[in-house]
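S.K.: Please see the structure below; I have some questions.
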Amino acid sequence: MEFNAFITSMEDTRRSQGQRYSFESMMWMVFLSIACGYESSRKMATFCISYQQVFIDFFGLKHGTPSYVTFHTFLSDLDSLSFADSFNTTMLSYSELEQGDWIAGDGQTLCSTVSSCHTSDQNYVSIVSLFCQKTGLSILLKDYMNKDKQESEAKIVLELLLNNLKNKGLMFTLDALHCQKKH
């Protein structure tokens with residue numbers, strides 16, 4: 001997969017005023033940090049400091065590598081819908097799904113997004129992804145805000161499957177959540 005195709009298909013929603021780092025260089029530094037196991041904004045900044053000269057030379061950074069605040073702000077302001085759409089388009093174009101391939105679907109709740117955790121009115125953001133077992137790649141993802149139980153993992157998985165993978169002769173594996181009669 002060509003990562004630049006994925007990055008260029010995304011929209012940079014940041015204001016142009018005061019930008020020190022291009023969208024592409026920030027996305028590459030985030031990607032490389034995560035690929036090397038540095039997943040928080042502080043750890044990303046530490047990783048980039050460790051390879052500061054490499055990043056300065058490669059991306060032509062005039063102000064050194066970004067601070068953890070820059071990474072935090074960049075990731076917080078990243079449009080999740082644009083990211084998911086670009087990811088899905090890119091991965092579907094690169095995935096060579098064949099009839100009989102196994103696709104696994106599952107959802108994960110982002111723990112840091114849970115509000116009202118001790119009441120029945122819990123609100124949180126979840127991510128549902130479909131994973132191709134043959135290639136070892138996630139091919140589709142979608143995030144959703146579970147507010148007042150209006151959205152559910154089962155609805156999102158069904159939507160992803162029907163909108164993108166219908167009638168392709170694929171085998172799906174899902175967890176027990178998807179075995180309810182009402183779904």
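S.K.: Determine whether the range 24-33 contains at least one residue that is in contact with a Phe, Trp or Tyr (Cβ under 7 Å, 6 or more places away or on another chain), outside any helix (DSSP H, G or I) and either touching a residue at least 24 places away in the same chain (Cβ under 8 Å) or of a type in the set (G, A, S) (or both).
M.R.: Checked the range 24-33: no residue is in contact with a Phe, Trp or Tyr (Cβ under 7 Å, 6 or more places away or on another chain), outside any helix (DSSP H, G or I) and either touching a residue at least 24 places away in the same chain (Cβ under 8 Å) or of a type in the set (G, A, S) (or both).
S.K.: So is S126 of a type in the set (S, T, Y), closer than 21 Å to I156 by Cβ and in contact with a helix residue (DSSP H, G or I) (Cβ under 7 Å, 6 or more places away or on another chain) or not?
M.R.: yes
S.K.: Only one of T89, T109, T46 is closer than 24 Å to E2 by Cα, surrounded by 13 or more Cβ atoms within 10 Å (Cβ to Cβ), out of contact with any Asp or Glu (no Cβ under 7 Å at 6 or more places or on another chain) and of a type in the set (S, T, Y). Can you tell me which?
M.R.: From the options T89, T109, T46, the qualifying one is T89.
S.K.: Moving on. Give me the residue from the range 144-173 that is buried (at least 18 other Cβ atoms within 10 Å of the Cβ) and in a strand (DSSP E or B) and, out of that set, modelled with the highest pLDDT.
M.R.: The qualifying residue modelled with the highest pLDDT is Y144.
S.K.: Given the criteria exposed (fewer than 13 other Cβ atoms within 10 Å of the Cβ) and modelled with pLDDT of 95 or more, does Q53 qualify?
M.R.: For Q53, the condition - exposed (fewer than 13 other Cβ atoms within 10 Å of the Cβ) and modelled with pLDDT of 95 or more - is met.
S.K.: Anything in the range 67-78 that is closer than 30 Å to Q133 by Cβ and surrounded by fewer than 17 Cβ atoms within 10 Å (Cβ to Cβ)? List them, or say none.
M.R.: Within the range 67-78, just L75 meets the criteria.
S.K.: Keeping to the range 1-23, report how many residues are part of a helix (DSSP H, G or I) and within 20 Å of V69 (Cβ to Cβ).
M.R.: Number satisfying all stated conditions: 1.
The values are calculated or read from the model by the stated rules, or taken from the named source; none is laboratory data. Just so it is clear, the model here is predicted, and its values are computed rather than measured. Glycine also receives a Cβ, built like all others from the backbone with ideal geometry; neighbour counts cover every protein chain displayed.
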